[in-house]
Each structure stands twice: as structure tokens, then as C-alpha cells.
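The structure under discussion appears below in the form of C-alpha cells.
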Amino acid sequence: MITDSVGLRPGVACPIRSSLLPKVHRPGCRRAAEQSCATSLSAGWTTNRLLSVSPFNGRQIVRLERKCTTSAVATASTAFTTQKDLSLRNGANVKVIVEQTENNDQIISIESDVQAGRLLLHWGVEGGKNYKGGWRLPGASARPEGTVQYKDRALQTPFRLDTNGRARVVLHLDGEEASDFLNFVLKDDATNTWYDNNGTNFKVPLRADATSAATRVDQLPKDLCDKWAWVRWDHAGRPERAGGAAANEYDRGVAEMRELLARGRTLDELWRVAEGKWKYSDYRKKVIIPALGEVTAPAVAPPPQQQKQQQQQAESGNGNGGAAALPRIPDDLLGVQAYILWERAGKPDGADFSGESRRVITEQLQSGATLEEVARRLNYTPKTGSSGTTSNGSSQAPTPTSSMDGGAPVPAESRTVVQPAQVGTPLGTPKRNPLDMIKRTKPAPVLSAVRDVVERPLDFLVQRFAVDPTTRWRRTYPLGSKAELLVVVRQEDEKSPVRVDLVTDAASTVVLHWGVCQPGTRDWAMPDDSLHPEGSVVMHKAVETPFLNCDDDECDVEISGAKVPLQRITINLSPDNRLGAVTFVLRSSDSTMWYKDAGGNFVVPLPSKDGPVEVIAPDVTKDELSRTIIDAEVNSSQWTLMHRFNKAADLIAEVLNGYYEIDVAAALSRIFVWLRYSATRHLTWQRNYNTQPRILSAAQERLTNAIANAHGRTSGEAQEWVRAMLTTVGRGGDGQKIRDEILHIMHRNHIPERKGLWMEEWHQKLHNNTTPDDVHICEAYLAFLESGGNLGVYWRVLSDAGITRQRLESFDRAITLEPEYYGDKRDALIRDFRNYLGILKAVHSGADLSASANAAGNRIPAGARGWLAYVLSHLGDTQILPLLEACVEARTELAPALTGSRELLYLDLALEDQARQAAERGVGAAGFGAAAFMRPLLQNLCLSLGNNEEICYCLKAWNELPSSVRNGGRPNKEEALLAVAVINRIRRALAEISDRAVNRIGDISKAYGRSFGVERWAYELFAEEVIRGGPAFAVSLVVTAIEPMLRNAAALGAWQVISPVEATGVVDVVTGLHEVQDKTYDIPTVLIAEQVTGEEEIPEGAVAVITPDAPDVLSHVSVRARNMRVLFATCHDEQPLKQLREARGKWLHFTPSASGAVTWTETSAPQNNDEGAVAHAAAARPTKGLKIEVPTWCGRWVVGMDEYKDGVVGAKSKNLAKLRGRLPPKIHLPSSVTLPFGCFEQALELPENKQLKQALSDTVSRISVRAASSSSSPSSVVTGLLTGLGSLVGLSGNGQGNTAHTNHSPAELLAECRRLAMQVVVPRQVRDELEKAMRAAGIPPPENEERWALALDALRGVWASKYNDRAYYSLRKAGLDFNSVRMAVLVQRVVPAQYAFVIHTRNPSNNDEREVFCELVKGLGESLVSGMVPGSAVAFKAVKDSAGLQSPEVLCYASKSEAMFVRDSLIFRSDSNGEDLEGYAGAGLYDSITMDPSVLTKIDYMEDRLVQDPGFRRDLMSRICRLGVDIEKALSSAQDVEGVVAPDGSITVVQTRPQV
């Protein structure tokens, strides 16, 4: 029974009776009571009972008893009542009664007599708090029972029958829900029949003033305004407009719609025009001009002179010249007045108060006020000189200035005041499911023609010298005509002579023109006579040596059965030479051809006493495609952009047709690198050839069409590189217009074609060889004109574009003069060159937004046009968020039509660039408000990437965060913890994007750069600049801006100390901890490791590991760091990390603080006799003296839980047996059987494994012998270790060594052991006993032979993990023999896991025995402990008392991107005798393997019940913490527990061992 309260006016009796039902709707008391009854009827109620009437705050409160749920209704006097009778097309009627109280609450009754199976009210409202246009959907409190939301567009409420059989819906819009209009149609849901108002909605005013309110600017939907701006721009011929002109046209369009609505046109009609259903040109003729005249016609901004005249007329007050001219109103004063008017109007979105502002101030001036008085009334101080007027309103006369002295003063209309960027108000973008944006990789392009591998004569020699141990340096150079030159530097050892061989397959005889360089310089010097090969001739400062035919075995090369003649020169140098390099060029014997290295000398570095030869870089350009590119670029005597573009188009086609034996993505990335070097002016744009504009534009068009075709035939990463190519080349087009229009401009403005004029020099360049530089030259000239002839402005614009005076003078048709200023032609030249700039951009600038939108034309999807119109009219806007949203939403609407469409691809790139620019403008000034940029920027990145799945999941996770985070508000601690987890996932995804790009183009860009002769800085920074110019960089800016504030709000700080230990050591910086895990440091070392996965071993001698990575607190490496007393900490702040990297080589002392931070001080290296040195040495190496007891085989292949005893099975099995009967009934233990110690060794004794045993024994002995020799060295542990490793790879003291063991590292030998172990034949008896034991334990055995094969492979895998690298290095550091390890294998059924957890019953972060610490992940626990899945788990802790266990504290939420799952299967767990030695952390050294492979699945923790349901989370964490305490009590020691939570919530402990 529910009680409602209904408020009545004081002094009015209430006529409600239990049987009274309303027949008419009357105001006042009866209206309130009857409305309540009507509400009961509409909800299906049949009885009401009056309980009481009592006064409350001056009103009578009627208490009603009802038999179902309803809501409270408070009423006051009626302020507004209206009734509308509407007719439907089938003759039925609809009656709408609206009542509005003095409190502005609204009650709407909709009745209908339509005969329908199930009648629905399909409705929405206009108006209300924060209304932004379109239909607004009221909140839950205003939705009658049964209301559902229809596609985020409308609400649908079922009609209920009253006693008269009329269908009725009653709506209550109270408080903030009160609105201006009700929009609705009816729907018969049974027959899917709609009843509307002759094709439009029924629209009922809900306020007395609603009719006039309908025409306010803030009532126009933003999307409609944007699309209206688009159709007007399209109607005007898509003119080029500056930002101000575009914004003015946007406002004119809004004003046009307001006037149309005020004259009775409907909003639906405007929508039809905006969406293209009614052409704007037709609508203009039939509706706009008859109604409004020509006033609002969209137009290009008038010339400056005309603008000035219009402005003067506007400022005159009446424009008739009859009154005295008023002073010019400063723009800043107009802005202040407009802002105040906007605030008074409720800050409506999209409203323009500039006209009203001018009217208000003009009226005050006309009444006699001065500008100063107007400013004082507004509490504003005008900016000095901002208006060009004096304090009395008189104009200041500009002082003439010579252009040589800096140019004439800038006209007032060209001056712009840069406003600070603001976050801005969101536009209200549609909700999208980010996972719908995931791009699925299509099959690789069909190879229509596969070309045979091209054999090159020198390939055989290249491969031979690559494996020759005496090779110190080698390189292959293209010579043109498919000929190559191979240069090899060889030296056996430091005491041996140096031999330089130059071999070529050139068809004609060539001559070496050479010299030498001293170390550290490239200066050419004459070589000593003793170095001259036979036949050498001394020239001026050089030696010339002819190549001779090479007939010895080394040059015996055949291609397709035919011997290829090679030519060779050998230069021999003594071992004590003091030379740095050999430098040379080649020429043909007749001197008609010269061969150079990218236009310069070839340089071959030499090893010498003064320094070793440079390290040989990977030969990444040996593929046929790279050779072709380099050969064309370096050896073509005539080469321009036209040649390069045509060649690139050919190569793209060949790549797609399978002509090259490299991955398609790799091939396309190579072409991108080449084209980007061209676009950034690092390659020549003109060499010995002139290209007419029309020919260049044709080549551009051919290339860009080839790129667009490739975009349609590729997907994933390959498509990403294809798209990137379009950023390097303009679209092409009508290049002839470039040539013709410059002449027309000169003729129209009477500028002569004669030498000595800047414009004539530029004209000659345009005529002969136009390039993308001309776009920037035109922009600079326009800036020069607009500034009144300021040459400083001209040079500044050129400089910003990277064009120097030297570059202008280097053109084949040089530009040596500076532009002339024609004051009388200024306005006409500005107009002409704005148009000319558009022509240049159409050809050269692919990613220019206006040019791209114009070129795309009607290809642009209708859904994108409104967003695009907003962007075009708000370029450079200080309101960053709406501009970002519009850019990204336009891109989203373009995406389905993008594939293979050149014009849409260019438009997409231009929008992406605008989003990046907006983000870079706004992030710095936004503070934490930049968080509002994250959603559109992540969506922007999703649209750009080829492989975007992870970023789509990041976007989904971000969207699920609380609004206090997403909107840049003030999140509480819990909200900030959630946000930090998502930020960590985003940061990791950005790192993967960066690494993927660097791995793909890093080496290639450097190799190409060297081959092209590019400056070193350019190719060293190439990959970084590509990343920084992409959409991922904008996201990283936001992460950097907001992460410190989120971590502060979450009380996390910059540090996470995993192993809190003081440490002193010398700093070393490494890329990844895995790279040095087998290294031994002879002095205490602090490692700054950029990457730590969690499964590495901490190298011997390391006293601290500091990383920006975030391994789990309970990962293998974390546990071992605590056990070894090594400082292990994660730093989330780049500034401390930067300081530590810069301290490389310095001695630092680190101290973890009680607050969870890490501080350090610089110290000095300890002396050998210092006490500190002893401490350092002790910290550098773990305590040794442990011993592994080797158990004997018990004689059984399989034992059950009743037989788990010491010496038979390991601690995992024994602890499970001990827990039986000691845990609460709700906690499960899995049934288990174990293969005891010694089974693997016993299997090796079988005859079928005899040879395998011998091979394994030999390999193990080689490892053991080396390890023994290293420990017995008399010098030191480190020296002995290095000696042992040297012998291990086949090196002895005299340099000879055992050749059979040469180059075998410990890792290689251990891998060989694992390979051999996987081949062990498992006796049939093992399988039979295992099956029998499993059935007895209730474990289903494998169903068939195929499944048994998988099971035995998993068993072998666990045995083979005895030879894991990390286990070997860990045991070696502890002084333990890895061959003493015996592997028992625990076999269990995989428990279905919704979550997996690890418990440490003593908090490992602070060693507090009063706290239990836990980590939790979705899926299998392997993703938590192994390091296979990067990111953090859900971490929590609890104090071990009843209150603490009831309310665990969340320390961090999960940031992992994936979870591991497996089908119903078996798991084989390692249970060795080397894992749980006292004082030694052996956990995680060996493998546990599921019979079926686990599957990595993308997940979103933010949507999981663990995050969304606080009650569920608290209960689950409490149960896990209590479990840890129970197990600790049962086993009487701190425990390391692993378990799982099943989908039904039940908990199973899968293993436990003593916590170390």
C-alpha cells in the first residue's frame, strides 16, 4: 500500500471521495485531486482511499492510499490553462488539456478515441533546463509507468482506458522538467500505424509565452544550424572564407531561420531543406525571397573597401548622413556588452548578440553618452589603441611608414587579438558504441601477378661477408642501371692488416677516384704511396685506380647458369694505420658518367688504433623495393616531383600486385617514408628538368588516385600507411590554372612582365616549375598586402613554413627580390590572390579543409554536412571542445563512405588535422578541464588507426567513467581510482602505437636518409616526428595534463613502491629488464628499466629497479625483488624519471618514505676498504649457502591426495592436502592427482628415450661445466662468471676455443634442453595410471586420443620448464644447481573462472602482518602472475579484524586490456623441489600449463559488475580476504594463495604455499 500527498490551496475543501472519478478537467482543488485520480486510472488503478487532510506550509495535504506505486504530486494555483482538440486522418480525435500552476509545474492530459490494438504516445518536449535544441526527453520522474525510450530520439508511453473507454495519458512536468512545447504523434503498436499532423508532429504550447519563445536562437537545434550553414555555403558556390567571414555567414544563416520561423514556417520544413530533401536553391526562390527578400543571401565576404563603407554606414546610427556621425564603437566594448546580454539571456548555445550589442550602445551614444561613460556602466576599461579612436571618439590619423622601415601600419580590420583557448560547451553529440568502430582486417590483396625473385650478382657476396667473422663493416650502394657496388672492410684481429674490397657488377669499366680522411673529419687527403693498388695514378689531391676483372673463387658468381663478370679493387692498410676513412667517387673510363653517394662522396670508415669502426647497421634496404627507390632517387640525372610521383604510383601498383617479396604493410610504409622525405623538402624537387604545372598536377592526380585505389584494396596497418601517404602530396587538379591565372592577375592589375620585379620572378617560377612552396609564398604575399606592405610579416610567414632566402634563391628560376607594395591596388590584389591561393591549394595542399570540402562536393554524406559546416565556420575558435566534437563527428559520419574515395580521404585528413590543432591549442590552458577532450580525441584516434581495437576499448572504458571525470570536474577518490586505471590502459595503448610505428619505419627511415644524403638530425628524428604529428600525440597531451591531478585525487602520488628497501648504487638505463636479466654487475647498480613485464629475473648485482611500467604487486619479479631485498618501484611522473635517466653513471642513495614516495641523494663511489663497500656488495648479491635436496623416485607414476608426503610431491600438493577439512564449507578445494618427483628422470631411463637422454645430458653438462668454472675462478665472482660464459660460447684464453660450442649462449643451450624435453616418450603406463587416478579422484580424463595427446604435451611442457631461463639465472645467483631440480606435476581440472585472485596474507608492500593483500583479475590467474598480460590488477587490502575484513580498501582498479580464458580442460601445475626453499623465492620460476591453449580476450573492466556494483565488490573482496586469514590460521604461517571465483560466486583454492 503506497501513500501519496497532494497539495491543495488553503481554504478550499477537497471533494475527493473513494468512488469519485473525474468527468471533466477543472482547475484548482478539484483539478489537483481529480488529476491524481486520473493518474491512478492511467496507471491501471481501480480504487483510492482518502486517509487524511492536514495543513503543511500553508497548503492542505491530502493523503491517499493506493494499491500500487505512484509518485507525489504537489499543486498550487493554476496560472495557465489551455485545451486543444486535434483531428486525425481517420476521423478520430485527440484532446490535449494543459494546466500550468503558479509554481510553473505542468500537467498535460492527452485523450484519444482512436480505435487501436495498443495505442502509444510517441513524444518529447522542447525547452526546460539546459535545453540545447531538438526534442528533449524528460527524466525518469516525468515518465509515466510503462514508458520506454525509442532510439534516444523519443519516449513512448502506452495509453490507459478510463471508465468512459477513452484512452488517456497524463504527464507531469514539474520543476526543472517544465517545458515550452509538447511534440507528439500517436502509434498503433499492434498494426504499426502512425497518426501524425499531415506529415509533421503535433505541437502543443505548454506556456503562455511559448509561441514567441519558439523563435529564439537557443531553440534552434545545433545540428540544424550546422546543416543550414552547409547548404547556404554550397549554394554560394563553396567560396574560400576567412574564419571571421565564415562565422558571420553562419550567424546570418541562423538569423535567416529565426525570421522564417517568426513568419510561420515550421521547424520540420527547415529540417527538410537542411537535409537536402528540398533543395535550398528552390526553397530560396519559393519561400525565402518572397518572405524575407534578398537580405540574408549567403555571400562571399566583400572586399575590404566595401566592408569599410558598410561599417561606416552602420556606425553612423541611421545611415542617412543627416545626423552627426557617432564615434566608432571599439570591438572589445561591443564584445563586453554582447557577453552581458548573453548572460542575461541564460547563456543560450549558438546565440549571437553582436547586433543587439551594437544597438544598445548606439542608443546610449545617441542619447549623449560618451564611450567612456558607456564603458564605466559596463565596469570595463577600454584597451588603449584597441579601437583606433581617442578618448573623445575622434579617429587617430595613422603615421605614414616606409615599407623599408617595417611597412605601413596594419589596418584595423586586419588586426586580431588572440583570445585564450577555453574548454567550451559540448555540442551534444550522439551516443555511439565504440566497439562498433572496430575495423576488421580484410584478407590481403589478391596477387594478380607474382614476379619471380630477382637475383642480383652481388647477393651471394653480401651473404658470404655477412657471416664472415672478420667483417668489420660492409655496405651495398646502387650505381644505376641495376648495377651495384659492394664495399667490405675486413680485419681478423687488432694485429692483422685491414683489407678494403670494392666489388661491382657494372657492365662498363669504372675507375676509383679516391683519397683518405683523418679520424674525426671528412676532409679529403692524399693517401700515402704505400696504399696505392697496382695501376694507380696520382691526380690533383686524389688517386685514380682502375677496377680490374675479378677471376678468383671469391668472385665466381652465376645468375641463371651464366657467369657474371665482376670488377674489384683491394686496398690494404697496416694494422697501426692512423686513418679514419677511405673516401671516393667512381667514374666511367671515358669520364662521361660520375657516380656519387646521394650527390656527395662515398665514405668507408676504417678500424684503427684510435677507434673501432662504426657498428654495422641492419641492412634493411636489401629488398628489391628499397633498392629501386634509392636507385631512382640517387642516380637519376633528371629528377623532379613529377618523376617521383609517377615512380611512386608505379611502385604502389607493383606492391599490390605482388611484385615484391615483403609484407604489403612493410612495402607501403617504405613508400610513405620516401614520400615524406620529399614532402619535408629533404629531397630535391627539381634536378636538371623543368615541369609545367599541368604536367605536375597530372602526376599528382595519378599518384593520389593510385593511393586511393590502394586504400580500397588494403586494411589494417597497410591501409593506415596508405592513408598517411596522402599527407605527403597534393591532390593535383587543374595545374594549367596556376600558369594562366598569375598572368591574368598581373594583367588585370597592370603589373608589367619585366625583370626587376618580385612578381615577375615568381611568375617565371610558377610558369616553369610550380611546387608546394608556392602555397606558402602566396600566403606570405597576402600577409604582406594585408599588413600594409610590412616585409617583416612576409619573411615571418615564409620562415614559419621553413622557406629561407637561400631556398628562394636556389630555385631554377630564382626569386631574389622582395615584393613591391602597390597601395592603390591592395584590395584588388588581396581579392585576386585569395582566389589564387585556393587554386594553389587545390593542386598542392591535399589536407586543406576548405579545398577538401569543396572538392568532395556531393560525395559528402548528409550526416556529415552539419558537423562540417560548424567546423568551417569556427576554424581557430577559442572554444575547443565543440570544435573538437564537430571535427570528430564529421569524420565519424564520413567513415562508412571513406574506403577508396580520394576526395573524402583528403577531407578526413583535413578534419583530423583540425582536431589535432584544436587539441594542441586547448590542452595547455584547460588544466583538468582537458579531460573533456579525451572522448573526442580517442574517437578521433579510433578513426585514424588501421588496427584500432584496443583504442576502441579504451574509448568505451572512458565513456563509462563518472561524469565528474569525463567532464573535467572534481572527482572523489573512488572516481579518481577508476579514472587512473583507464588512463593507465590508454597510456599503454599509446605506447604500443608508438612502438609499432618506430619498429616499422625507424630503421628504414634512417637507412633511406643515409642513402638519400639527408642530414643526420632529420633521419634520427624522422619516426618521432611522424608520431608527434599524428592523432595519438594529442591524446598523450591530455593524459599528461590530467594524470597528476587524478593520481592526487586518488591519493596515489607519483610512486608505487613494490619492494621498500634503501639502496645505493650507480645508475644504469636499460630498455627492458629482460635484456639484462642474465647479466652480472660487479658493482651495486640501480636500473632504470623502461619496460618490466613481471616475469623477468632481477640481474645479479642490481640493488634497485625503477620503472615507468606497472607490473602487478604479486607478479614473479615483484615477489623476487622483495625476497632479494631489492628496491623495486614504479614512477608515474616523467620529471623524476628524466632526472634519473640524466644521472646515468652517477652514484645515488635511494630512500623509500613512509608516505610511499622515493627520494634520492647523490653520493660518491665507496672505496674497497670502506664499510659501505661491504654493504653494497652484500646488497648486490643474494645470500648463498642454500641447498636443494634431490629426492628419489617413489616408484609410483601417479599418487593421490592421501599419499602427498615429503620427498614425494612438492609444497603445492602437500598444502592442498593439509587444507582438507580446515576451510569453511563454502570454500572448495579442487580434486587433484600428482606425478611425483623423479617421473621425468625415470622416463628418460626407458630404452626409447636412450638417445634423447644422452643428448640432454650432454647439453646440461655443458651448462654445468661452464657454471662450475665460473665459480672456481680465483679473481672474483664476476670475472669467473664472465670466464665461464666465454668458455660456454666456445672461447678460451688463447682465442681458439672448441669450435663445436662456438656462439652458444646459456639461453640457447637452455632452449635446446627444453626442445629435447618436449620429445620425451611418455610410457603407456603413465597414461594408464594417470587415467585411473583421475577417475578415482572424480576428474574426467581426456575423452579420446587427440585429447590425450594434448594432455601429454602439457605434461612434457611442465617437465621442460625445469630448463626455463629465469629459473636457471635465479638458481645460479643463489648458488643452487639447476640440475638438482626435480619436477612433480600437480594435475587438476580447470575450475571455471569468472575471476582469479592471489592472496598474500602478510602485506608484501610494507611487510605488515596485520594486513592481508590481494589482487584480482578476470579469467585465469596466469594473466596476473605471469606478466603475459600487461597492466595492473584490482588490488585491495584489509586489516585482519572483523571491521577491516568487512570493508576492504581498494588500492587500484584493473588496467589490463585482456583476460585469459580456456575451455573445460585440465591444468598441469609445476610442483618442484626448488620453488619453496626457506629464504628463497622460487614461486613462478616454472610453468603451469593448461591442456587446451588459453585464449586472450579483450575486456572492459569498467562495465564489469566488480566496478559497477559497489555492494557486490565489497562482498567479494571481503570473502577473499577472510579466506586468506582462514588459510593462514589453518597452516600456521603466512601464505601465498591462488584461487578462482566461479560464475555462481563460489570460491575454489587451487594452490597455496608459504609466503616468502
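The values are calculated or read from the model by the stated rules, or taken from the named source; none is laboratory data. These numbers were taken from a predicted model, which means no experiment stands behind them. Don't worry about glycine lacking a Cβ; one is built from the backbone with ideal geometry, like all the others, and counts go over all protein chains shown. Ligands, DNA and RNA are excluded from the accessible area calculation, which covers all protein heavy atoms including side chains. Shrake-Rupley method; radii C 1.70, N 1.55, O 1.52, S 1.80 Å.
A few points about this structure:
- Verdict on L606 being in contact with a helix residue (DSSP H, G or I) (Cβ under 9 Å, 6 or more places away or on another chain), at pLDDT 80 or above and closer than 24 Å to A466 by Cβ: no
- The residue that is farthest from C952 (Cα to Cα), counting only those in segment 421-458 that are at pLDDT 85 or above and among the charged types (D, E, K, R), is K431.
- Those residues of segment 795-810 which are open to solvent by less than 60 Å² (accessible area, probe 1.4 Å) and basic (K, R), in sequence order: R807
- Cβ pairs under 6 Å, 6+ apart, first in segment 1503-1524 and among the charged types (D, E, K, R), second open to solvent by 10 Å² or more (accessible area, probe 1.4 Å): E1503/E960; R1505/F1512; R1522/L1445
- Selection of first residues in segment 1155-1174 that are modelled with pLDDT under 55 and of second residues that are not in a loop (DSSP other than H, G, I, E, B), restricted to Cβ pairs under 9 Å at least 6 apart or on distinct chains, gives the following pairs, ordered by first then second residue: D1170/H1176; G1172/T1064; G1172/T1163.
- Segment 827-852 residues that are closer than 15 Å to H776 by Cα, paired with ones that are among the β-branched types (V, I, T) and not in a helix (DSSP H, G or I) (beta carbon under 7 Å, 6 or more apart): G846/V729
- V300 under 30 Å from K203 (Cβ atoms), part of a loop (DSSP other than H, G, I, E, B), at pLDDT below 70 and open to solvent by 40 Å² or more (accessible area, probe 1.4 Å): no
- Number of the condition not met by G139 [criteria: (1) open to solvent by 20 Å² or more (accessible area, probe 1.4 Å); (2) touching a residue at least 60 places away in the same chain (Cβ under 8 Å)]: (2)
- Set side by side, the residues V1450, V1462, V1434 differ, and just one is touching a Leu at 6+ places or on another chain (Cβ under 7 Å), β-branched (V, I, T) and open to solvent by less than 10 Å² (accessible area, probe 1.4 Å), which is V1434.
- Pick from segment 683-700, criterion open to solvent by less than 50 Å² (accessible area, probe 1.4 Å) and in a loop (DSSP other than H, G, I, E, B), ranking: modelled with the highest pLDDT: L683
The rows are residues; the columns are (1) of a type in the set (S, T, Y); (2) within 24 Å of H1132 (Cα to Cα); (3) not in a loop (DSSP other than H, G, I, E, B).
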| site | (1), (2), (3) |
| --- | --- |
| W1017 | no, no, yes |
| V1026 | no, no, yes |
| S1036 | yes, yes, yes |
| T1064 | yes, yes, yes |
| H1074 | no, yes, yes |
| D1078 | no, no, no |
| I1083 | no, no, yes |
| A1089 | no, yes, yes |
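- Only residues that are modelled with pLDDT of 90 or more and either open to solvent by 20 Å² or more (accessible area, probe 1.4 Å) or assigned to a loop (DSSP other than H, G, I, E, B) (or both) were counted across segment 1038-1048, and they come to 0.
- Subset of segment 476-512 [open to solvent by 70 Å² or more (accessible area, probe 1.4 Å) and within 28 Å of S574 (Cα to Cα)]: E492, D493, E494, K495, P497, R499
- Count - residues of segment 1368-1400 that are under 21 Å from V1537 (Cα atoms) and not basic (K, R): 17
- Qualifying residue in segment 1418-1426 (condition: farther than 30 Å from G1200 by Cβ and open to solvent by 10 Å² or more (accessible area, probe 1.4 Å)): yes
- Pairs are defined by a Cβ separation below 6 Å, a sequence spacing of at least 6 or placement on different chains, a first member in segment 1329-1356 that is in contact (Cβ under 8 Å) with a residue 60 or more places away in the chain, and a second member that is crowded, with 19+ Cβ neighbours inside 10 Å and part of a loop (DSSP other than H, G, I, E, B); the pairs so defined are E1329/W1197; E1329/V1198; L1330/V1198; A1333/V1198; L1350/M1491; A1351/P1342; A1351/M1491; A1354/M1491.
- Hits in segment 532-561 - residues which are of a type in the set (S, T, Y) and either touching a His at 6+ places or on another chain (Cβ under 6 Å) or within 19 Å of D501 (Cα to Cα) (or both): S536, T545
- Checking W1017 against (1) open to solvent by 10 Å² or more (accessible area, probe 1.4 Å); (2) of a type outside the set (D, E, K, R); (3) under 30 Å from M1045 (Cβ atoms), the condition it does not meet: (3)
- Inside segment 713-772, residues that are hydroxyl-bearing (S, T, Y) and either open to solvent by 10 Å² or more (accessible area, probe 1.4 Å) or at pLDDT 90 or above (or both) make up a count of 4.
- Residues located in segment 637-653, provided they are open to solvent by 30 Å² or more (accessible area, probe 1.4 Å) and modelled with pLDDT under 90: S637, Q638
- Within segment 1083-1093, the set of residues being at pLDDT below 90 and either surrounded by 24 or more Cβ atoms within 10 Å (Cβ to Cβ) or under 16 Å from R1125 (Cα atoms) (or both) comprises V1092 only.
- Qualifying residue in segment 670-682 (condition: open to solvent by less than 10 Å² (accessible area, probe 1.4 Å), at pLDDT 90 or above, among the hydroxyl-bearing types (S, T, Y) and within 27 Å of V462 (Cβ to Cβ)): yes
- Condition met for T1064 (in contact (Cβ under 8 Å) with a residue 40 or more places away in the chain, over 30 Å from F602 (Cα atoms), under 19 Å from the mean Cα position of the chain (by Cα) and open to solvent by 20 Å² or more (accessible area, probe 1.4 Å)): no
- Hits in segment 794-814 (condition: part of a loop (DSSP other than H, G, I, E, B) and out of contact with any Lys or Arg (no Cβ under 6 Å at 6 or more places or on another chain)): A801, G802, I803, T804, D812, A814
- Residue in segment 129-153 that is nearest to D113 (Cα to Cα), counting only those that are modelled with pLDDT of 85 or more and under 39 Å from the mean Cα position of the chain (by Cα): V148
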